[in-house]
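FYI, it's all coordinate maths here, none of it is from the lab. Just so we're clear, the structure is a prediction, and the values are computed from it rather than from any experiment. In this analysis, Cβ positions are derived from the backbone assuming ideal geometry, glycine residues included, and neighbour counts consider all displayed protein chains.
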Amino acid sequence: MLVSNESQDTNTILDKLKWCLALVLIAFVVWGNFYFAEPNDIYQPNTIVRIIAVVVISLLTLLIAITTNKGKSFLLFLQESRKELRKVVWPTRKETAQTTLLVAAITLIVGLALWGMDSVFRSIIFYLTSIGR
């Protein structure tokens, strides 16, 4: 199915308008949150109204963003990611504990080996340069 250039242009213009509206709403939320803020009064009625307004306008902004082409492709990506995540075989608790202990043990061994090599090289350098005497 071929889509005409006119409908693509309209779609992109509409998408741009939606993104601009979303940005304006975000700016409005930020401005309103600071403008109506009351210092040190978290339990005041104004604060509750402000929180509700921020949540409602944020949800509206999210709904507007989801209706754009990029928003729809993002939702599709999330759905496909969830399907792939269901296919993952997660390790058991025992396997996770064993792997964690193995990584900790190897880290300790490598750390001790590096500390030992550093001490040997330090002793050699001190002996050759007579700094340690």
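Please enumerate, by chain and number, the lysines with C-alpha under 19 Å from the C-alpha of Lys70, excluding those fewer than 8 residues away in the same chain.
Lys16, Lys18
If only Cα atoms are counted, what is the Rg of the range 57-104, and what is its Dmax, in Å?
Final numbers for Rg and Dmax: 18.6, 49 Å.
Between Asn69 and Val30, what's the calculated FRET efficiency when r is the beta-carbon distance and R0 is 25 Å? Round to 0.05.
0.45
Just round it to a whole percent: the fraction of Cα-Cα distances in the range 51-133 exceeding 17 Å.
The proportion of pairs with Cα distances above 17 Å equals 75 percent.
Would you please classify the overall shape of the range 89-133 from the alpha carbon gyration tensor, given that a ≥ b ≥ c denote the square roots of the eigenvalues, rounded means a/c under 1.5, and beyond that prolate means a/b larger than b/c while oblate covers the rest?
Because a/c hits 1.5 or more and a/b exceeds b/c, the range 89-133 counts as prolate.
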